[in-house]
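The values are calculated or read from the model by the stated rules, or taken from the named source; none is laboratory data. What you see is a predicted model, and the numbers here were worked out from it, not measured in a lab. As a convention, Cβ positions derive from the backbone with ideal geometry for all residues, glycine included, and neighbour counts pool all protein chains shown. These area figures cover heavy atoms from the full protein model, side chains too; ligands, DNA and RNA do not enter into them. Shrake-Rupley method; radii C 1.70, N 1.55, O 1.52, S 1.80 Å.
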Amino acid sequence: MTALAVEIERSDSEARRHFTVEVGEPTMVLDVLLALQRTDASLAFRYSCRVAMCGTCTIRVDGRPVLACRTPVLLGADGLLLEPLAGLPVVRDLIVDTTPFSTAWRSVEPWFTPRADAEPRVLAADDPSREAIESGLDCISCGACWTACDLAGAEHRFLGPAALNRAMTLAADARDGARDRRLRLVSQEGGVTRCHYIHGCSGACPKGIDPAASIRRLRRWSIGAGR
Amino acid sequence: MSALQVVFVAALTALLLGVVLFSAFTVRAALVVRPTTARGSWLVRIGRASNRDVQRWAFVAHRATGVAVFAFLLLHVFDVALFTLSPARFDDVHELYGTAPMRVFECLLFFAILFHTFNGLRLVLLDVAEIRLSTARRLLHVAVALTAVAGTAASVVILKPVVA
Ligand code: FES
């Protein structure tokens with residue numbers, strides 16, 4: 001076991017920020033938080049599934065947005081700095097209000113709308129559109145990309161990588177009856193044209209998605225559709 | 001130094017200061033609320049940035065070099081326009097371009113132009129073609145390598161007269 005110094009950004013300036021915790025290998029950041037909560041019950045953070053599926057435990061570890069449940073603590077590191085996600089209002093300690101993120105998500109109509117003029121069908125395994133769709137399907141809406149994006153996090157007029165990635169997965173589907181409306185939605189102010197190719201989202205996604213590529217794809221489709 | 005040369009040097013100094021301030025502001029903004037990979041001073045944090053962050057830093061560098069090139073272009077338009085007033089004044093100011101400090105500045109400017117160009121072409125390519133994340137990073141490495149090679153070669157040519 002090794003002693004690890006942990007600093008946590010607290011919403012209450014009076015609250016304890018510095019801790020030391022004994023860690024062995026492997027230890028996830030979430031394990032550290034749970035251990036610390038036993039010494040300071042007022043420490044607030046969020047988690048649910050513990051297996052990188054729900055996307056609720058996202059925080060910044062040494063500045064980088066990550067899933068606390070899937071981020072191993074490096075033994076021998078000179079300490080750990082834990083902060084709430086940037087670009088979202090802090091509710092308490094490491095808990096943020098994800099409303100701006102979900103509002104953007106909702107605004108692209110992130111649900112499948114079957115085409116009225118076609119029979120329901122399953123996409124064949126070798127359907128060419130599968131590559132584009134599946135490249136973005138793993139999103140767990142954890143908000144890491146939102147925080148990593150200099151535009152979405154800084155000013156909420158940009159829909160952000162996650163919402164646009166979701167729109168791409170739907171627009172890529174030939175069975176989607178709302179493709180035109182969706183392309184119109186993402187072409188508006190705050191849509192695909194706001195992306196500056198910073199690629200913060202693609203570097204941060206804990207599921208290995210490349211939302212920047214989804215945005216570029218969506219941009220090409222919008223232009224192709226005369227938007 | 002003639003009065004016109006003093007004005008030129010003052011304008012160039014102000015311009016450089018502005019570019020440095022803007023770059024510092026951009027880097028700071030990228031460090032304060034955006035992903036970094038380590039604790040410590042900003043220098044340490046930039047130094048330890050992982051491959052995941054290279055495109056973020058390319059964006060910062062693209063902005064800084066863009067502002068620098070544009071700012072110098074504005075000044076250059078004025079000093080070239082002097083020719084319409086009087087060829088003698090033009091020669092007077094342009095004599096400065098041959099001095100050692102100005103040649104060093106020209107080298108830096110050339111590096112900035114090269115990076116902005118190559119990275120800009122990379123971004124255009126990303127826009128029109130279906131390019132994977134790993135390839136996008138590799139293309140950035142190519143842009144940096146081309147900048148380094150062409151910039152060094154040009155610097156040799158630019159500095160040769162004063163070094164010799
Ligand atoms: S707890 Fe569900 S993703 Fe981490």
Cα lying deepest toward the dipole's positive end in chain A, options A:Val96, A:Cys145, A:Trp221, charges on Cβ: A:Trp221
Nearest-0.05 FRET efficiency for B:Ser2 and B:Val162, computed from C-beta distance (R0 22 Å): 0.60
DSSP-loop GluC sites (Glu not before Pro) across the range B:67-164, with at most 16 other Cβ within 10 angstrom: B:Glu95, B:Glu130
Over the protein assembly as shown: helical MRE at 222 nm, DSSP H runs n ≥ 4 each giving -39500 (n - 2.57), nearest 500: -17500 deg cm²/dmol
Inter-probe distance in nm under a simple model that places probes 7 Å from Cα toward Cβ, at B:Leu15 and B:Val124: 2.4
Label-point separation, A:Asp12 to B:Phe22 (7 Å along Cα→Cβ), nm: 4.6
Extension reserve of the A:Ala124-A:Thr2 stretch, reckoned as 0.36 nm per residue once the Cα distance is removed: 38.7 nm
Helix axis angle, A:211-224 relative to chain A longest principal axis, alpha carbon, degrees: 20
Between 0 and 90°, nearest 10: helix A:161-171 axis offset from chain A longest Cα axis: 30
The range B:89-164: trypsin sites (Lys or Arg not before Pro) in DSSP coil with no more than 16 other Cβ atoms inside 10 Å: B:Arg132
Heavy-atom surface of the range A:2-96, accessible at 1.4 Å and reported per residue (Å²): 46
Global geometry of the protein assembly as shown, whether rounded, prolate or oblate, following the gyration tensor of its Cα atoms and the 1.5 cut on a/c: oblate
Global geometry of the range A:127-227, whether rounded, prolate or oblate, following the gyration tensor of its Cα atoms and the 1.5 cut on a/c: oblate
Charge dipole of the range A:2-96 about the Cα centre (unit charges at C-beta), most positive-ward option of A:Gly79, A:Val6, A:Phe45: A:Phe45
Cα-based helix-to-principal-axis angle, B:3-32 vs chain B, degrees rounded to 10: 10
³J(HN,Hα), Karplus 6.51/-1.76/1.60, whole Hz, each residue of the range A:17-31, x for Gly, Pro: 10, 9, 9, 10, 9, 8, 10, x, 10, x, 10, 8, 4, 5, 4
Lys/Arg +1, Asp/Glu -1 at C-beta; the protein assembly as shown dipole; positive extreme among A:Asn165, A:Pro206, B:Leu133: A:Asn165
Amide H contacts under 5 Å for A:Leu80, placed H, 5+ residues apart: A:Ala5, A:Val6, A:Glu7
Gain in span if fully extended, A:Glu134 to A:Thr113, counting 0.36 nm per residue against the direct Cα distance: 5.8 nm
Estimated buried accessible area (total), pair B and A, 1.4 Å, Å² to nearest 100: 2300
Sites matching chymotrypsin sites (Phe, Trp or Tyr not before Pro) across the range A:110-166 that sit in DSSP coil, with at most 10 neighbouring C-beta atoms within 10 Å: A:Trp111
Sites A:Arg106 and B:Phe78 - FRET efficiency at Förster radius 45 Å, r taken between beta-carbons, to 0.05: 0.30
